[in-house]
Amino acid sequence: MRLALKLALASSLLLGTAAHATSFANRGLGLGLGYTRIITDDRTVPEWAIPLWLEGSYYAESGFDIYLRVPIALAQVRIGAPTPDGAGIVVAMGGQFGVRYLFLEESLRPFVSLHISGIYVIRPTNTDVTVGSNLLVGPGVGAGLEYFIADSVSIQARGFFDWFIALNAPQRFSLGGTVTVATYF
């Protein structure tokens, strides 16, 4: 009888933990750090950027999550920056607005995403170097993994690919990744 009582108590604790692990909240806020490499022949566009991301998300339903990520980044530009030869570090801003699909809704959540991405490069006005467009916009895709380390705190690792549409200019693509810590409420 004591063994049956102990087994029943242990199984109810285990089942209670498993049910509790899937009861995440719908809204999330996160902070992340990443790296983006922009692939183009246009020397006025940043070669790479190190963004600090602020992220907000809302779980819609049936595995779909809507998100907005807003970065502020330090970016390396070959032409059009503050130094005399035009190269240097500039500040860039932008964002990603999209939807992600969660394959699992447990503590470990693999996902894919589809988004619209944009980058705006802030350049000094006192440079004599002719520069190209400061704004890049286009569609993107991503994939990643999110792991809940507590009931309302997760760590995410994500990779993404963007195509910044350019008319009458060299095409621009970016590859990047971020690591984000998020809290859900």
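General remarks:
- If R0 is taken as 30 Å, the Cβ-Cβ distance between Ala157 and Ala60 corresponds to a FRET efficiency of 0.85.
- FRET efficiency, Ile89 to Leu145 (Cβ-Cβ, R0 45 Å, nearest 0.05): 0.90
- Surface composition of region 23-71: carbon plus sulfur atoms hold 65% of the accessible area, using a 1.4 angstrom probe and ignoring ligands, DNA and RNA.
- Calculated FRET efficiency, Ile116 to Arg78, Cβ-Cβ distance, R0 = 41 Å: about 0.95 to the nearest 0.05.
- Stretchable slack from Leu52 to Val137, in nm (0.36 nm times residue separation minus alpha-carbon distance): 28.7 nm
The values are calculated or read from the model by the stated rules, or taken from the named source; none is laboratory data. Here the structure is a predicted model, which is why all the values come from computation and not from measurement. Quick reminder, even Gly has a Cβ in these numbers, built from the backbone with ideal geometry, and neighbours come from all protein chains shown. Areas reflect the complete protein model, heavy atoms only, side chains present, ligands, DNA and RNA absent. Shrake-Rupley method; radii C 1.70, N 1.55, O 1.52, S 1.80 Å.
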